[in-house]
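Colleague: There's a structure below that I have some questions on.
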Amino acid sequence: MNDYGILSLIPPTLSIFLAVTTRNIILSILAGALSGTLILSGFNPFFAISELVEKHIFIQITSGTNAQIIVIMFAIGGFIHLLDKSGGARAFSSIVVRFISSPAKAQIAAWCAGVCVFFTDSGNALIVGPLFKPVFHQLKICREKLAYIIDTTAAPVSILVPFISWGIYIMNLIENTYDDVGIEAEPYQVLLSVWPYQFYAFLALLAIPMILSTGKDFGPMAKAQSNYNKLIANEENDEVSGQVKEPRNHRSTMATVLMPLGILLVTMAVYMGYFVATEGVKSIHMRGGILTAYVFASIACAYLMNKQREIPYRESFAEYIKGMQNLVYLCLLLVLAWSLSSICRDLRTGYYLAGLIGNAISPSFIPLIVFIIGATMSFATGSSYGTFAILLIIVIPVAYTLNAPLELTIAAVLSGGLFGDHTSPISDTTVLASMGADCPHIDHVTTQLSYALIPGMITMLTFLVAAYYPTHYIIFPMIIIQFIVIKSIMSAIGIKN
């Protein structure tokens, strides 16, 4: 086997550099992959292109597991779009709005609604935002606070649900990288073992009720609320100015969203339950259950659209196809990530990098370093998906070779990518949160940053402590520490809202 030495670092390094400078993940991974095949082909451009296409892209697409993942991703995209078009999610959220009578209840209700709309991070902002915007206006709560709440309950919720597109995407990256390294493990079991270590997701979600419990704001958010109070005072004769009329649901009810989701969960439970009771659950069963569940749920959604809104099935099918098209970009990203991973495997990048840092850094500190790198990269690129795709390829072989805690290292990639994406001004979820709350984008970015830094810094501290005590139970004292920090900040510089 050839030893490519330092040349093996070029593909991932080039991908990261281009991702940060160009903010184009597709171009960055493609360039990194092409540089890798140039090295493998002896720097012959023709053979480099042919090897990239024939020995990596084609092979990855036609791989049984990868082809199954692409089909599942399309099925999920179709269901999400269909559920949004049915009006069911809006009907569900509108029920919550009826029980709101105070600013505190409004903010908690928005948080609860954001947690409930777990099936899509973008749908969270576009459903919960417009629905709560007039409520926040009526109760004199600034739109920056709404944008913060819906942004913080978007990706942090989605990344914790293993059977939506986020979970499927991450499981496949793990499976492919584990195969390259030679680790035999069921990807869904790996993801479940990583789940308790996703510190930033838990801390960010819990930061909202912690902040709301103080009844205060600080920093740019407090200034935004003060400015909003002055604006409202000057518009007392026009209380509803700037409100957007809620779209009609056309007889959509809570059943419009609860029935498809219920069928989805029941189908998965029955499908998986059979294999649990017989031959045992394998990855193929997990993928088969997910695909079947989403197809049945989509059929139920189309049925309710026809029954409640008299939408013909052919129109529902057309909307389903549109939803599938929405995930073409993500599937393309997956194919390129698979290709880059296989190229790095052939170059033995992870093993070379492990040899370089093996004596310089204690393996227990790798998760902390990975979290910082992931946060920086995701903030610069605005893409947690791209960060996951590039970093998992690099860090899993390194962690495995150096005997670093694998689950903790993977969780560090996810937490770092999530934190950077949450605070990045060019992240799609950040932009959608601004749109959903009808808040100036720069105002949302500046007001959210000071709040998101609290769980971000606590997460960094958590990975530091985990270097000495690598247990997921550490999250519990860190939750208490975060609450104390928030209370202390609010007591010192908080302004009553």
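Colleague: What number of residues in the range 396-408 are touching a Leu at 6+ places or on another chain (Cβ under 9 Å) and touching a residue at least 40 places away in the same chain (Cβ under 8 Å)?
Modeller: Selection size over the range 396-408: 5.
Colleague: Which of the residues that make up the range 414-439 are of a type in the set (G, A, S) and at pLDDT 80 or above? Show your work before the answer.
Modeller: Let us first name the residues in the range 414-439 that are of a type in the set (G, A, S), namely 415-417, 420, 424, 427, 433-434, 436-437.
S415, G416, G417, G420, S424, A433, S434, A437 - these are the residues of the range 414-439 that are of a type in the set (G, A, S) and at pLDDT 80 or above.
Colleague: Okay, next question. Which residue is surrounded by the most Cβ atoms within 10 Å (Cβ to Cβ), if the candidates are limited to the range 450-497 and must be of a type outside the set (G, A, S) and outside any helix (DSSP H, G or I)? Before the answer, list the steps.
Modeller: The initial filter retains those residues of the range 450-497 that are of a type outside the set (G, A, S), namely 451, 453-455, 457-465, 468-487, 489-490, 493, 495-497.
Now narrow it down to the ones that are outside any helix (DSSP H, G or I): 468-471, 495-497.
Numbers: Y468: 9, Y469: 9, P470: 16, T471: 12, I495: 14, K496: 10, N497: 23.
Of everything passing the filter in the range 450-497, N497 is surrounded by the most Cβ atoms within 10 Å (Cβ to Cβ).
Colleague: Could you list, in sequence order, the residues of the range 297-353 that are touching a Cys at 6+ places or on another chain (Cβ under 8 Å) and over 23 Å from I76 (Cα atoms)?
Modeller: Result: G350, single match.
Colleague: Do we have A411 as under 26 Å from P11 (Cβ atoms), under 21 Å from the mean Cα position of the chain (by Cα) and modelled with pLDDT of 90 or more here?
Modeller: So A411 passes the test.
Colleague: Still on this structure, I have one more. Could you tell me which residue of the range 438-449 is farthest from N229 (Cα to Cα), considering only residues that are in contact (Cβ under 8 Å) with a residue 24 or more places away in the chain and part of a helix (DSSP H, G or I)?
Modeller: Filtering the range 438-449 down to residues in contact (Cβ under 8 Å) with a residue 24 or more places away in the chain leaves 438-439, 443-444, 446-449.
Within this subset, residues satisfying the condition of being part of a helix (DSSP H, G or I) are 443-444, 446-449.
Numbers: D443: 16, H444: 17, T446: 19, T447: 16, Q448: 19, L449: 21 Å.
Only one residue tops the list, namely L449.
Colleague: From the list S102, S94, which residue is of a type outside the set (F, W, Y), modelled with pLDDT under 80 and surrounded by fewer than 24 Cβ atoms within 10 Å (Cβ to Cβ)?
Modeller: Being of a type outside the set (F, W, Y), modelled with pLDDT under 80 and surrounded by fewer than 24 Cβ atoms within 10 Å (Cβ to Cβ) holds for just one of S102, S94, which is S94.
Every residue, every condition in (1) charged (D, E, K, R); (2) surrounded by fewer than 24 Cβ atoms within 10 Å (Cβ to Cβ), yes or no:
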residue	(1), (2)
L392	no, no
P397	no, no
T401	no, yes
S415	no, no
F419	no, no
L432	no, yes
D443	yes, yes
Q448	no, no
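Colleague: Give, as residue ranges, the helices (runs of 4 or more DSSP H) completely inside the range 11-70 that count at least 1 residues that are at pLDDT below 85 and touching a His at 6+ places or on another chain (Cβ under 6 Å).
Modeller: In the range 11-70, no matching helices (runs of 4 or more DSSP H) lie anywhere.
Colleague: Would the range 400-423 turn up any residue that is of a type in the set (D, E) and within 22 Å of L340 (Cβ to Cβ)?
Modeller: yes
Colleague: Which residue, of T387, T430, T447, T409, is hydroxyl-bearing (S, T, Y) and in contact with a Cys (Cβ under 9 Å, 6 or more places away or on another chain)?
Modeller: Every option except T447 fails the conditions.
Colleague: Looking at the range 107-139, which of its residues are more than 16 Å from A201 (Cα to Cα), surrounded by fewer than 24 Cβ atoms within 10 Å (Cβ to Cβ) and at pLDDT 85 or above?
Modeller: I108, A109
Colleague: I'm trying to understand the selection: among the residues of the range 369-417, which are part of a helix (DSSP H, G or I) and hydroxyl-bearing (S, T, Y)?
Modeller: Passing the criteria: T376, S378, T381, S384, Y385, T387, Y400, T401, T409, S415.
Colleague: Could you list all residues from the range 167-220 that are under 16 Å from the mean Cα position of the chain (by Cα), aromatic (F, W, Y) and over 24 Å from Y473 (Cα atoms)?
Modeller: Listed by number, the list holds a single entry, Y169.
Colleague: Helices (runs of 4 or more DSSP H) wholly in the range 257-363 with at least 1 residues that are of a type outside the set (S, T, N, Q) and more than 30 Å from D180 (Cα to Cα) - which ones?
Modeller: Hits in the range 257-363: 283-309, 313-325.
Colleague: Also, I was wondering about something else. Pairs needed: first member in the range 285-305, closer than 16 Å to V266 by Cβ; second member anywhere, outside any helix (DSSP H, G or I); C-beta distance under 6 Å; at least 6 residues apart or different chains.
Modeller: Going by the 6 Å Cβ cut-off, the qualifying pairs are I290/F163.
Colleague: Identify, by number, the condition in (1) within 29 Å of A269 (Cβ to Cβ); (2) surrounded by fewer than 18 Cβ atoms within 10 Å (Cβ to Cβ) that Q198 doesn't meet.
Modeller: (2)
Colleague: Still on this structure: With the range 135-237 as the region, which helices (runs of 4 or more DSSP H) entirely inside it contain at least 2 residues that are under 24 Å from L432 (Cα atoms)? Talk me through it step by step, then tell me what you get.
Modeller: On the way: elements: 143-152, 155-158, 165-181, 187-194, 199-214, 219-233.
Result: 143-152, 155-158, 165-181, 199-214, 219-233.
The values are calculated or read from the model by the stated rules, or taken from the named source; none is laboratory data. From a predicted model like this one, the values you see are computed outputs, not experimental measurements. Reconstructed Cβ throughout: ideal geometry from the backbone, glycine too, with neighbour counts over all protein chains shown.
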